[in-house]
Each structure stands twice: as structure tokens, then as C-alpha cells.
Amino acid sequence: MSSLDTIPVATEVATGNVEPLLHEIRHALKRLASGGEGTTIDLTRLPLAPSEEERIEETLGTGEVRAQVDALGPTLIQETSYPGVWLITHKNVDDVVVARFIEVTRIPELLRSQQADIDAGIDRLEDELRN
Amino acid sequence: MPKDQNLGEYLRLQGVSRRGFLKFCSATASLMALPPSAVAQVAEALATARRPSVIWLSFQECTGCTESLTRSHAPTVESLIFDAISLDYHHTLQAAAGHGAEAAREAAQEENKGEYILVVDGSIPVGNPAYSTIAGISNLDMLKNAAQDCFAIVAVGTCAAFGGLPNANPNPTGAVSVSEIIKDKPIINVSGCPPIPAVITGVLAHFLTFGSIPELDSLGRPAAFFGQNIHDRCYRRPFYERGQFAATFDDEGARKGWCLYKLGCKGPTTYNACATVKWNQGTGFPIQAGHGCIGCSEPNFWDKGGFYSPISAGMWGTREQLLGAAAVGAALGVGSAIAARRRQKKAQETVL
Amino acid sequence: MTLLDFALGPGLKWSLLIMIAGLTWRVVGVFLGRWRRDLSRPRSEAVVQGGLRTIITRSAPARELEKNIRFQHITGYIWHIGFFATVLLFEPHIAFFESVLGFAWPGLPSHLALVVAAITLAVLVMLTLRRMIHPVMRMITSTDDYVSLIIIISAMVTGIMASTHMFPRYETILAVHILNVELLFIWIPFSKLGHLFFWLLSRYRIGSYFERKGVKA
Ligand code: SF4
Ligand code: SF4
């Protein structure tokens, strides 16, 4: 039986959006390196051809850090082969991607322990010790 | 979620951490097509947001819009948004029907006077109101009654926004859009047949976050989603520029993913977010699947010639009509020749 | 009904009908009108050949005049060829012709068609300015010519703006472009632009007439 993959449909198209995106990342990195602000790019808002998202991922590669945050479904945080450039994939509880970002930062905000959570944690620990 | 609680408290009580909340805000900002830099602002607004009351009326429609919504691709985020709003009446989704349900609607309207959001899908038959009634109340009366005290109206789907299919030629029911009936309330047209689910929730999220009407285009559609046409964001655009077009659905061009303009793609004149937000869990959109855009988010898209005839072909009529024009021209020519001959003859006679 | 709906619907239909009726009216009227009988003895009987020959010979300027009108001659050709290339080889235009005629032909890549259109437009604007400045040209230019020039120049400008998306709302500029062309359709049969369809007929007529009289021109 033939599968869908055997139907020859070529999708090798370039929208020309990949290069500018990589340049944007380069500029953002330089800004970060010279002590400036970080940058976030929303990948779900870019008009990309079917193969281009993969091309971006390939170009960026994978770096040293990989983390998963479990809050309202898994969030995958991957540092790319360019330190300071992170690929963040938010999924919902059904493992479906709900949003994708490229963050140019020293550490993605989501990895930091949050003040509200720390406060809640202190409360819980104190409760624990009291009992 | 009790009504006086704000969203931040509610989520915390649900065991959602601050991290989870931030993730929710990022996804929501992305959903609303806001730049990532707005996430902090969204987080701040959402933490203290009050839950708006929503009344959803379904008129002459096919339920495709509700189907689209319930299949939206960000269930966690959407369900949180739906949790966060208070959907006090949804004719299609609720179990109750008839007079009891209507009483509940009226109670909700009374309780949230001036604050509730009225969502409408489907067009309103004004030719003969009996074409569509709920519990004996005509769509027209129900819309007028429910619109009276609302804060704003969201017209979901091309039927509610512009009349849609029921309004297509010859429009047997005399169907009209919401904006043709209600003139004194802000109306947000979330058009599409059906609209992209993320766009429906994006608009609701905007209310939830900012409690205000989003910026609209000239047709009353949220500019964040309808600001750009499909063609401008279409990944097949380079083929259009290069003049590489599929001429049939199974030729080489079609297989190579060339531009679908000649197969009737209405992308150049259609404003919607399909090319970026996409459909079916973000996997693609019609053009990506090899079919041209049919222009479903534009007014009267059913009556703009064929879905498969190129935009520039226009509706010039039939070859018979062109031949008819030639015949008329010929008749005129014969007429003026006869007139000229007469004139010449008379002139000659007077000379002689 | 939006502007574009009107342009693509009733506008297109009626302008085409008027153009076709107008053209047939002119041709039929001329053919059936009273032709003055030529009573003189013909110098030559080869009137058909004479007519056909003139169709060709009139495509180049007479040798005696060549030097004086070379500029006009060359720019005229560039403009006409460029114009037809733009009209007939831009893909969206082909899609229109295909819907009317039932067959299509290969076109140019859109950006190439755009370059051709831009060059053509530049030449046309230059020729128009010359027409307005040159004392002799000015004398032989009528309102008819100016109206034709305005309609064609604006059709080209709006066409270029539409295909480059230079105007914020594509459908608006597209509608303006199409309406502009519809105006051209209506204008053609009633103006000197009729030569678009009549040039062969009139050259043939002159050629055969001169042949009969033995005039070499
Ligand atoms: S497929 Fe449609 S939207 Fe995409 S480039 Fe072609 S005409 Fe434009
Ligand atoms: S691609 Fe066009 S027809 Fe299809 S859903 Fe989007 S706007 Fe509607």
C-alpha cells in the first residue's frame, strides 16, 4: 500500500524569511553581549514555508543546555549551538505545540524560580516543619 | 471560578505555578498576535483581570464556527480562557433548551447589564423571521433584546459578520449581518468560514486581558489578525513573482508547490491570518494543502465568480453576450451607413 | 458591492460590450457606406498586392525621411512592443485572456514583466513630454491624443502599483487599475486608439488606393 510519503509533492520553497531571521538573531546576540537587553522572537507569527522551520533549527543546532519545565504541559528549553540563543517550545497537556519562541538571553525567564512560587514554597516548608 | 475572583488568584488556587502562568501569558500574547515584549504587560493585566460574562447566540448557521472553536489547537490555553470567561449562554453547547434556557439568558443579561459580551454566529433572516426562531423568539428579536445591554458584540464567522452563505444570491431568507441591524454598539467582526479558532479565542483573550475593543480594520475586523492579506504572507509567493503557476491540480507545477493564482486563489484580495496562524494544530492552511484560498473572510465571497477562476478573469459575462454586442454594433453600423447614404443622396440631388 | 466587485463584475462586462459594439459599428459603417466610384482609368490592377505591400512598407519610415524621424521611429517601436509585452505576457493578464478566449500562452516572470512595464512607461512619458514641447508635434496633437495618453499612462502607473503592492490596500489599487483599463476599452473605438484594431485595414485601403493611382508611397 502506498503511503502519503510516496506521493511526490515538493515543498522546497524559500520565503526568504530565514536569512533575515538569522540576521535578527545575530544583532540581538551582539546587543546582549554588549550588556543590552534580551530579545524574544515569536516563531508562530512568521510566514515560513513548511521546510523552513526545520532549516532554522538545523542552522541553530543544539548546544549544551536542555531543560524541561512541567507547567500546564511540558515546555522544552534548548540552548542552541550559539550560546545565548534559546529555542523554547511550549506544549499543552496533550503534547501539542501551542507557541514557539526564540529567546536571546543569558537565561530564559522560565528557568528562574519565580518570586511567587518561592513565597508559596516557603509557606509550604514552614507548614511542613510546624507539623 | 467565582465571579469576584480575579484570574491570577483563580489560577493559583488551581495549583498553577507562576511559571505556568507566565507560559499561559506567553501563549496568550502569541495568540493575540502581540509582540513577545508585551508578555509582561499581559501578565500584569491578566493577574488582575475580572472574568467577563459572555452570551453566545447562534442564528442561521451551520455550527461550523463552534466546531472550529472546540477543535482549537491550544486546548490548555483555550480552556483556561474559557474557564476565565463566564459563558452564561451558548445555545449549541449547553444542555438546556427552550423557555428555561431563555430565562437563564435573560437573567444573565440583567445581572451583567452593560458589561457582558454578546457573541453571535450565524446571520439573521429579516425577509421572513420565521425561518429561524429559538423558543418561539425570532432571531431578529433575540438579537435586538440581547444587544440592548451588552458591552460589545463579537460577530463570529462570515455569516454574522457579513451575511455569509445565507446571504448569498438569491438570499431566500433575506439574511443580513449583525452590523446591519445593530448600529449603536461596538461590533467586532471575526470573519472566516469558519474563522480560525485561535482568532476567536484571541479576541476573547483581548477582552479578558485589556477589557477593551481591539483595533479594527475598515470592515470591523481585528487588525492584529486581519491586517495583512494571505498573498503577502504566503510562502508560495516567490513562485508568483517568478511566474511559476500550477495550471491544473495534478500538473507538474501543482506537484512542485507552485503558486495557485491561475487555479483561482483569492489570496491577494483576502485578509486573514491563515498563512501565519495556520490551521489544524498549526500544521498548515489550504494553500499549503494545494488548494487556493477561496476568500472566506471577505464579504460576499460566495458571489465573486468561481472559486476556481483567477481573480483577474473577472465576471465579464458569456461569449454569447460578446457576440450579441457585436451584433448590436453591426446593426448600428448598418443604420449609420444607410443614414449616410441618404444624406449623400440628398446632397447630390440638391446639387443637381 | 465593493469597488473591486464592481470593476470585476458589471464594469468589466459593460466596458467589453461597449468596446465590441463600438468597433463593429465603425467597421460595418465604413464598409457599407457609399464608396466614391473611381472613374479614372486604373494605372495598375494589382490593388490587392499594393494594399498588402503597404501594410509591410509602412512599418518602416520612408528612406527620405529616415534621418529626421529616427528617434520617433525607434522610441515608437520600443513603446509599442513594451506595451504589448506587458499586456500580453504578464501572467494575471493571461489569466484574463484565457477566460475570454479559452486558451493561454506562456508568460514572463512577474518581475521581468514589471521591468518591461517600467521601461515602457518611461518611454511613453518621455514621448508625451516631447509631444508637449516640440512645436510641430504640439500642433498635430489633439485633445483626443491627450486623453488617450492620460488613460494609458495612468493604467500603467496603477498596474505597476498594484503588482508591486505599493499601495496599502491591494484590492483598492487593483480595482482602480481595472476601472482604468475599462475606461480604455470604452475609449478605444471612439478615438484614435481605434488604430489598435484598424491599422491593418486602413493601411491596406490606402495601399490599394495608391496602387490604383500609380502613386509610389
Ligand atoms: S498561492 Fe495564492 S496567496 Fe499564495 S502567492 Fe499564489 S496567489 Fe498569492
Ligand atoms: S486560506 Fe482563504 S479561504 Fe482558506 S480559510 Fe484562509 S481566508 Fe478562508
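The values are calculated or read from the model by the stated rules, or taken from the named source; none is laboratory data. These figures come from a predicted structure and were not determined experimentally. Because the Cβ atoms are built from the backbone with ideal geometry, glycine has one as well, and the counts that use them run over all protein chains shown.
Laid out as a table, the results:
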{"item": "Test: residue in the range B:278-285 that is touching a Leu at 6+ places or on another chain (Cβ under 6 Å) and either within 30 Å of A:ASP95 (Cα to Cα) or near ligand 1 (Cβ under 10 Å from one of its atoms) (or both)", "result": "no"}
{"item": "Any pair with Cβ under 7 angstrom, 6 or more apart, that starts in the range A:22-43 at a residue that is free of Cβ contacts under 8 Å to residues at least 12 places away in the same chain and ends at one that is in a helix (DSSP H, G or I)", "result": "A:GLU37/A:ARG31"}
{"item": "Per-region count, the range B:223-241, residues away from chain A (no Cβ under 11 Å), more than 11 Å from ligand 2 (Cβ to nearest atom) and touching a residue at least 40 places away in the same chain (Cβ under 8 Å)", "result": "1"}
{"item": "The range B:301-352, residues that are among the hydrophobic types (A, V, I, L, M, F, W, C), assigned to a helix (DSSP H, G or I) and more than 7 Å from chain C (Cβ to nearest Cβ)", "result": "B:PHE301, B:TRP302, B:ILE311, B:LEU323, B:ALA327, B:ALA331, B:ILE338, B:ALA339, B:ALA347, B:VAL351"}
{"item": "Residue count, the range B:298-308 (criterion: within 13 Å of ligand 1 (Cβ to nearest atom) and in contact with a helix residue (DSSP H, G or I) (Cβ under 8 Å, 6 or more places away or on another chain))", "result": "1"}
{"item": "All positions within the range B:180-223 that are in a strand (DSSP E or B) and crowded, with 21+ Cβ neighbours inside 10 Å", "result": "B:ILE187, B:ILE188, B:ASN189, B:VAL190, B:PRO222"}
{"item": "Candidates B:ALA247, B:ALA254, B:ALA205, B:ALA198, filtered to the one that is at pLDDT below 95, among the small types (Gly, Ala, Ser), at negative phi and within 14 Å of ligand 2 (Cβ to nearest atom)", "result": "B:ALA198"}
{"item": "Qualifying residue in the range A:2-18 (condition: surrounded by 18 or more Cβ atoms within 10 Å (Cβ to Cβ), at pLDDT below 95 and not in a loop (DSSP other than H, G, I, E, B))", "result": "yes"}
{"item": "A:ALA28 being surrounded by 13 or more Cβ atoms within 10 Å (Cβ to Cβ) and not in a helix (DSSP H, G or I)", "result": "no"}
{"item": "Of the criteria (1) within 19 Å of C:PRO92 (Cβ to Cβ); (2) near ligand 2 (Cβ under 9 Å from one of its atoms), which one B:CYS296 fails", "result": "(1)"}
{"item": "Restricting the range B:309-331 to residues that are more than 13 Å from ligand 2 (Cβ to nearest atom) and in contact (Cβ under 8 Å) with a residue 24 or more places away in the chain, the residue that is farthest from B:PRO166 (Cα to Cα)", "result": "B:PRO310"}
{"item": "Enumeration of residues in the range B:268-278 that are more than 7 Å from ligand 2 (Cβ to nearest atom) and more than 10 Å from chain C (Cβ to nearest Cβ)", "result": "B:ALA273, B:ALA275, B:THR276, B:VAL277, B:LYS278"}
{"item": "Tabulated pairs, the range C:172-193, first over 14 Å from C:GLY22 (Cα atoms), second charged (D, E, K, R), C-beta under 9 angstrom, 6+ apart or interchain", "result": "C:ALA175/C:ASP5"}
{"item": "C:TRP105 vs. criteria within 14 Å of chain B (Cβ to nearest Cβ) and of a type in the set (A, V, I, L, M, F, W, C)", "result": "yes"}
{"item": "In the range C:27-50, the residues that are touching a residue at least 40 places away in the same chain (Cβ under 8 Å) and crowded, with 20+ Cβ neighbours inside 10 Å", "result": "C:GLY50"}
{"item": "Among residues of the range B:257-267, those that are assigned to a helix (DSSP H, G or I) and within 16 Å of ligand 2 (Cβ to nearest atom), counted", "result": "3"}
{"item": "The lone exception for B:ALA146 - which of (1) more than 16 Å from ligand 1 (Cβ to nearest atom); (2) closer than 30 Å to C:HIS165 by Cβ it fails", "result": "(2)"}
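Residues checked against (1) on the phi > 0 side of the Ramachandran plot; (2) part of a helix (DSSP H, G or I); (3) within 14 Å of chain C (Cβ to nearest Cβ); (4) in contact (Cβ under 8 Å) with a residue 12 or more places away in the chain:
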residue	(1), (2), (3), (4)
B:GLY282	yes, no, no, yes
B:ILE287	no, yes, no, yes
B:CYS293	no, no, yes, yes
B:GLU298	no, no, yes, yes
